[in-house]
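All remarks here apply to the structure that follows.
The values are calculated or read from the model by the stated rules, or taken from the named source; none is laboratory data. The model shown is predicted, which means the values in this text are computed figures rather than measured ones. All Cβ positions, even for glycine, are placed from backbone atoms using ideal geometry, and neighbour counts span all protein chains on display. SASA here: full protein model, heavy atoms, side chains in, ligands and nucleic acids out. Shrake-Rupley method; radii C 1.70, N 1.55, O 1.52, S 1.80 Å.
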Amino acid sequence: MANPVGYRRYSPGTQPAHLHPPYVSSIKRAPTKPLVYLPHTLSEITGPLFDASKVDVKACDLTRQHAGEPLGERIIVGGRVLDENGRPVPHTLVEVWQANSAGRYLHKVDQHDAPLDPNFTGCGHTLTDAHGHYRFITIRPGEYPWRNHHNAWRPAHIHFSLFGPAFATRLVTQMFFPGDPLLPFDPIFNCTADEKARNRLISLLDWETTESERALGYKFDVILCGRLATPWEK
Ligand SMILES: [Fe+2]
């Protein structure tokens with residue numbers, strides 16, 4: 001029998017640095033003392049089981065949550081949720097939230113001078129299927145300004161929360177779009193030093209997900225842990 005593989009820590013630079021001064025909020029949030037590593041107990045290595053019958057099947061289509069269709073470019077975002085050995089994670093909760101096509105969130109804190117869309121809330125959820133696949137229909141989010149530094153603009157992105165099989169595998173991250181000219185200037189995207197790891201946050205234009213005369217498709221696979229894990233949001 002092969003020796004069991006122990007817990008593998010992340011390779012240096014493949015996850016966001018706690019302190020990344022260009023991302024100004026990280027200066028306040030970063031720990032100033034060494035982290036205390038806690039041993040995993042039953043409450044970390046187990047998690048909630050999601051009952052498919054209790055999930056609103058319409059929650060994965062963000063374009064059909066109101067009387068009319070939202071403004072903007074309709075897109076399909078899909079992919080697989082995988083564990084550190086590349087095995088699919090079935091029946092796990094995937095949640096998304098995003099700005100509308102004008103770059104505005106439906107949230108009281110967002111007072112950016114761009115219109116809200118009465119037909120777009122910007123939140124959705126779904127469960128992966130037996131093979132770890134998930135799929136959302138939405139609109140392409142707009143870029144928006146933020147006050148990190150002078151003339152700061154976030155690239156288009158969709159926020160993701162993925163639960164995985166346990167509380168310890170929950171991953172919160174952001175998905176970006178290929179070829180976005182704002183990516184080199186985004187302090188959040190660039191919190192992860194390793195370029196290969198950072199680029200795991202960029203979705204791929206995918207013809208299998210694309211539907212003719214309806215919507216472009218983007219593929220975004222997420223690896224929850226291990227050496228090839230998708231960088232989390234800092
Ligand atoms: Fe955002």
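Some observations on this one:
- Considered as a group, the residues in the range 72-83 that are more than 16 Å from the ligand (Cβ to nearest atom) and part of a loop (DSSP other than H, G, I, E, B) include one that is most open to solvent (accessible area, probe 1.4 Å), and that residue is E73.
- The range 192-205, residues that are closer than 21 Å to W97 by Cα and buried (at least 17 other Cβ atoms within 10 Å of the Cβ): R198, R200, L201, I202, S203
- Annotation note: Cβ proximity below 7 Å between a residue of the range 121-143 that is on the phi > 0 side of the Ramachandran plot and a residue that is away from the ligand (no atom under 16 Å from the Cβ) and part of a loop (DSSP other than H, G, I, E, B) (sequence gap 6+ or interchain) occurs for G132/V89; G132/P90.
- Subset of the range 155-185 that is away from the ligand (no atom under 12 Å from the Cβ) and among the aromatic types (F, W, Y) - its residue that is least open to solvent (accessible area, probe 1.4 Å): F177
Per-residue answers, yes or no, for (1) at pLDDT 95 or above; (2) within 15 Å of the ligand (Cβ to nearest atom); (3) not basic (K, R):
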position	(1), (2), (3)
R104	yes, yes, no
G124	yes, yes, yes
Y134	yes, no, yes
R140	yes, yes, no
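Here is a yes/no grid of residues against (1) of a type in the set (S, T, Y); (2) assigned to a strand (DSSP E or B); (3) within 23 Å of N119 (Cα to Cα); (4) open to solvent by less than 10 Å² (accessible area, probe 1.4 Å):
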residue	(1), (2), (3), (4)
W153	no, yes, no, no
T209	yes, no, no, no
E213	no, no, yes, no
A229	no, no, no, yes
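- With respect to (1) in a strand (DSSP E or B); (2) modelled with pLDDT under 90, the lone exception for S53 is condition (1).
- If the condition is being among the charged types (D, E, K, R) and within 21 Å of the chain's Cα centre (by Cα), then the range 65-100 contributes E73, R74, R80, D83, E84, R87, E95.
- Total residues in the range 84-100, condition within 14 Å of the ligand (Cβ to nearest atom) and either hydroxyl-bearing (S, T, Y) or assigned to a loop (DSSP other than H, G, I, E, B) (or both): 3
- Among the residues of the range 56-71, those that are surrounded by fewer than 19 Cβ atoms within 10 Å (Cβ to Cβ) and outside any loop (DSSP other than H, G, I, E, B) comprise V57, K58, A59, D61.
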